[in-house]
Amino acid sequence: MWKRTFKQLLKEFWIPGLIAGGWTTYVLWGGNITVETVLAELVPSFFLVSWLTGQIFRVRKQAGVESSLQTLEVRVTGLVDKLEVKTQELVNHMTGGDSFCYMAVMADNVNWIAIHRGEYHLQNLGIRVCDIDLPLDTPNWMQTANTNLSIGTLFKGMCSQCEIQPLTGQHRRFNIFYTASNGTFTQELRLKRTTPNKWAAATRVYRQNDGQKVILHERIDPDFPLELDGTAGY
């Protein structure tokens with residue numbers, strides 16, 4: 001302990017001692033040298049130089065501490081950013097993130113499929129298909145017009161076959177409502193028969209965000225007959 005203390009004192013005061021000794025020698029050279037005159041020159045100069053060098057060491061140490069703190073701040077900020085990204089990615093895996101799905105009719109005009117879109121699995125997926133062409137005065141309209149499906153988990157890049165009534169007539173309109181762990185979204189599906197065995201489709205999927213529709217997906221078949229106003233009839 002004392003050895004370390006002595007080394008530290010020697011490290012901090014050898015320069016002031018050397019300068020003070022040199023200054024005292026310069027001032028008293030060729031003059032009357034006594035203990036009083038030596039102390040009178042040596043002590044003030046030693047403490048003055050000690051104070052100056054102490055300030056230099058303090059400033060250097062402070063600059064080093066500030067530099068270390070800046071480096072630490074940059075590293076902590078980087079770690080926090082990485083942690084936020086990893087946490088958000090984990091949450092997205094748990095909830096489904098911004099993934100969604102949409103319904104489409106197979107070429108046989110009978111089978112329907114739910115098609116996944118996005119980077120994360122959809123969890124707790126439920127679907128309600130509403131036939132908006134069914135007259136409102138139909139008995140038990142709510143039960144007749146709506147088909148409820150429980151998909152569960154729809155994995156990334158996959159699709160799920162759904163049991164919906166086969167298409168009839170010349171044109172059909174469906175609004176499809178989805179609920180999942182990442183929220184709700186809606187699909188508007190419009191179908192028109194172009195040949196006896198073929199239907200053309202126009203569809204779009206959106207989420208509500210502060211009362212505004214945010215379009216997630218939209219597709220209109222090239223042979224889909226548009227309305228007179230040039231729209232798909234959503």
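The values are calculated or read from the model by the stated rules, or taken from the named source; none is laboratory data. Note that the structure is a prediction, hence the values are computed from the model and not measured. Glycine also receives a Cβ, built like all others from the backbone with ideal geometry; neighbour counts cover every protein chain displayed.
Quick rundown of the values:
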| item | result |
| --- | --- |
| Residue among LEU191, LEU134, LEU122, LEU83 that alone is at pLDDT 85 or above and either of a type in the set (D, E, K, R) or under 19 Å from ARG219 (Cα atoms) (or both) | LEU191 |
| Qualifying residue in segment 166-181 (condition: out of contact with any Lys or Arg (no Cβ under 9 Å at 6 or more places or on another chain) and free of Cβ contacts under 8 Å to residues at least 12 places away in the same chain) | yes |
| Selection within segment 191-203 - in contact with a Gly (Cβ under 9 Å, 6 or more places away or on another chain) and surrounded by fewer than 19 Cβ atoms within 10 Å (Cβ to Cβ) | ARG193 |
| Residue in segment 99-108 that is under 30 Å from GLU163 (Cα atoms) and aromatic (Phe, Trp, Tyr) present | yes |
